[in-house]
Amino acid sequence: MSDGSLQKHDDDQERIRLLEFQLDYLRAEMLHLTNERYRLIYSVSGHIYRFLRPIESRLADMLAVITFSLRLRKDNAPTQTDQAQPLPGSMTNASVATTLPARRLLIDVTGTVQRDAGTGIQRVVKEIVRAFYADDLSDLPAVAVRCENGRLLAANAFVASLSGEAATSMEADPEIELAPGDRFLMLSDSWNAFEILAPVIADIRAKGGEIVSCIFDLIPELHPWVCHEATVPRYRAWLRRGLIESDGFIAISQTVADELADYVEQHRLPHRQGLKIGWFHCGADIPVAATHTPRDRIRAAVSGAAPVFLCVGTIEPRKGHRVALAAFEGLWREGVPARLVIVGRRGWFEEAVVATITGHAEFGRRLFWLDDVEDSELAYLYENVAALVLPSFAEGFGLPIVEAARHGRPVICSDIPVFREVGRDGAVYFRVNDPDALAAAVRELLAGRGGVDPQRALQVTWRAAARRITDVLMREDWRRRLA
């Protein structure tokens with residue numbers, strides 16, 4: 001067998017193993033929900049719900065008909081995506097022959113202002129904006145903006161909240177007048193932004209500016225089965241519209257930048273001619289108040305002599321919580337005195353995992369779940385654990401890796417490309433979705449073997465992240481350009 005054939009065989013085997021892992025995950029979720037259904041059926045509340053179920057069913061059917069009709073009407077309408085690939089760079093406002101020098105960087109924060117769930121994307125948005133306003137990037141002055149009722153406003157109230165200043169009313173945010181050469185960075189979770197901001201985008205392009213979209217990962221395209229049912233169609237629509245409307249994409253890692261470029265070329269997706277794709281790395285410096293006192297249950301999770309391993313991430317299929325649980329169950333059976341502290345909010349397809357955690361015999365003893373941790377408390381946890389455990393099989397960056405490294409804590413993480421990019425030689429890697437391999441890595445660390453220097457992992461501040469964005473936009477430091 002040739003080297004190429006052998007590599008393809010290995011890749012196919014890993015792909016099959018990943019699908020088997022997901023099948024097992026969804027099977028556990030189905031069994032849990034089935035048991036919950038039986039519990040409801042044979043309980044008093046279940047008998048009450050039995051009469052409500054037909055009403056719910058009829059309402060769901062009516063909603064499905066309405067949704068299908070709207071989607072059919074939308075699908076039949078001509079769109080820009082019907083054009084041949086690739087799209088010409090002069091698709092709109094052809095009278096503008098060249099791009100003018102950048103005057104300002106307008107950072108769209110509309111999505112974060114409207115819904116701040118306190119998770120990864122919102123953290124990136126807030127820290128990048130905070131860094132731009134704290135640093136003197138005179139070659140590309142930045143203004144945080146938001147869209148409201150078709151108007152583009154300076155998000156002054158949002159910026160004030162980031163700096164801890166006295167709260168101001170968003171009603172006082174002034175309207176922004178676009179100028180020639182403005183760059184518009186769609187940094188926030190801009191799922192519906194292209195529709196809302198259509199007049200703004202047209203005006204920016206007419207004045208010789210550019211539209212740059214931030215992309216956090218390609219997971220809904222590459223691993224749709226791990227996403228919430230509403231996410232995949234929304235993401236697919238956003239990506240395809242973004243490829244046409246954007247002059248460039250900036251990813252949060254080189255891995256995602258390459259995945260996007262390869263995916264567009266392999267699937268021949270329509271895109272703006274000369275589409276530029278770049279990257280920056282997220283920072284790791286968490287802003288913490290000078291004095292902070294973690295809550296009692298936060299301190300209790302890491303108190304005592306047993307070494308503590310921290311797992312940070314929303315509870316959802318790709319994060320690998322089942323892998324971590326299985327690994328530590330094996331360690332506990334062996335008598336290994338270790339704790340597992342899980343930090344993360346509920347996501348989706350998480351019912352079985354949450355039930356396993358909260359119903360576990362070790363819950364509250366050697367297993368802890370904290371779903372509302374503040375930044376200062378997360379910093380406290382990093383300072384008081386033996387290591388970070390990150391068993392995800394798909395990520396866009398891996399922010400906990402750099403956060404842990406900043407606190408001098410080693411990381412044990414899945415061996416996936418983006419973690420290699422971020423963890424470098426400062427992390428321990430184990431075979432993805434393999435609890436035995438994770439348990440072995442924990443044993444090695446506890447035995448004082450196989451340790452690594454966390455300082456060799458990626459060390460980036462949010463200020464450096466903002467400067468990297470400036471370099472990409474001002475110095476045309478793009479990683480890829482698509483024909």
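The values are calculated or read from the model by the stated rules, or taken from the named source; none is laboratory data. The structure displayed is predicted, hence computed values, not measured ones. Every residue, glycine as well, gets a Cβ built from its backbone with ideal geometry; the counts of neighbours run over all protein chains shown.
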Give the residue that is surrounded by the most Cβ atoms within 10 Å (Cβ to Cβ), with candidates limited to residues of segment 174-203 that are outside any loop (DSSP other than H, G, I, E, B) and free of Cβ contacts under 8 Å to residues at least 60 places away in the same chain.
VAL200
Restricting to segment 397-422, give me the number of residues that are in contact with a Leu (Cβ under 8 Å, 6 or more places away or on another chain) and under 21 Å from VAL341 (Cβ atoms).
14
Hey, among the residues in segment 133-170 that are of a type in the set (D, E, K, R) and touching a helix residue (DSSP H, G or I) at 6+ places or on another chain (Cβ under 7 Å), which one's modelled with the lowest pLDDT?
ASP139
Among the residues of segment 451-483, which ones are surrounded by 15 or more Cβ atoms within 10 Å (Cβ to Cβ) and within 30 Å of ALA327 (Cβ to Cβ)?
VAL452, PRO454, ALA457, LEU458, GLN459, VAL460
Out of the strands (runs of 3 or more DSSP E) lying entirely within segment 229-334, which hold 3 or more residues that are closer than 24 Å to ALA457 by Cα?
308-312
Could you please give the count of residues in segment 232-244 that are out of contact with any Ser or Thr (no Cβ under 7 Å at 6 or more places or on another chain) and in contact (Cβ under 8 Å) with a residue 60 or more places away in the chain?
1
Residue check: is GLY396 in a helix (DSSP H, G or I) and crowded, with 21+ Cβ neighbours inside 10 Å?
no
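The rows are residues; the columns are (1) in contact with a strand residue (DSSP E or B) (Cβ under 9 Å, 6 or more places away or on another chain); (2) surrounded by 14 or more Cβ atoms within 10 Å (Cβ to Cβ); (3) modelled with pLDDT under 95; (4) under 19 Å from PHE397 (Cβ atoms).
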site: ILE277; (1), (2), (3), (4): yes, yes, no, yes
site: ASP285; (1), (2), (3), (4): no, yes, yes, yes
site: ILE298; (1), (2), (3), (4): yes, yes, no, no
site: PRO307; (1), (2), (3), (4): yes, yes, no, no
Can you tell which of LEU239, LEU218, LEU222 is touching an Asp or Glu at 6+ places or on another chain (Cβ under 8 Å) and surrounded by fewer than 17 Cβ atoms within 10 Å (Cβ to Cβ)?
LEU222
Keeping to segment 360-407, report how many residues are within 19 Å of PRO317 (Cα to Cα) and small (Gly, Ala, Ser).
4
For VAL341, only one of the following conditions fails: (1) assigned by TED's automatic domain parsing to the domain that holds GLU476; (2) part of a strand (DSSP E or B). What is its number?
(1)
Would you mind stating whether ASP371 is outside the structural domain of LEU105 (by TED's automatic domain parsing) and either surrounded by 21 or more Cβ atoms within 10 Å (Cβ to Cβ) or within 18 Å of HIS321 (Cβ to Cβ) (or both)?
yes
I'd like to verify a number: residues in segment 204-226 that are under 16 Å from the mean Cα position of the chain (by Cα) and assigned to a strand (DSSP E or B), how many?
3
Pairs returned, first residue in segment 372-396 that is over 14 Å from ASP296 (Cα atoms), second residue that is charged (D, E, K, R) and part of a helix (DSSP H, G or I), beta-carbon separation under 7 angstrom, 6 or more apart or interchain, are TYR382/GLU403; SER392/ARG318; SER392/LYS319; PHE393/ARG318; ALA394/ARG318
Report yes if some residue within segment 381-389 is closer than 22 Å to ILE252 by Cα, touching a Lys or Arg at 6+ places or on another chain (Cβ under 6 Å) and of a type in the set (Val, Ile, Thr); otherwise report no.
no
Any residue at all in segment 151-159 that is charged (D, E, K, R), crowded, with 18+ Cβ neighbours inside 10 Å and not in a loop (DSSP other than H, G, I, E, B)?
no
Residues of segment 356-400 being modelled with pLDDT of 95 or more and among the aliphatic types (A, V, I, L, M), which ones?
ILE357, ALA361, LEU367, LEU370, LEU381, VAL385, ALA386, ALA387, LEU388, VAL389, LEU390, ALA394
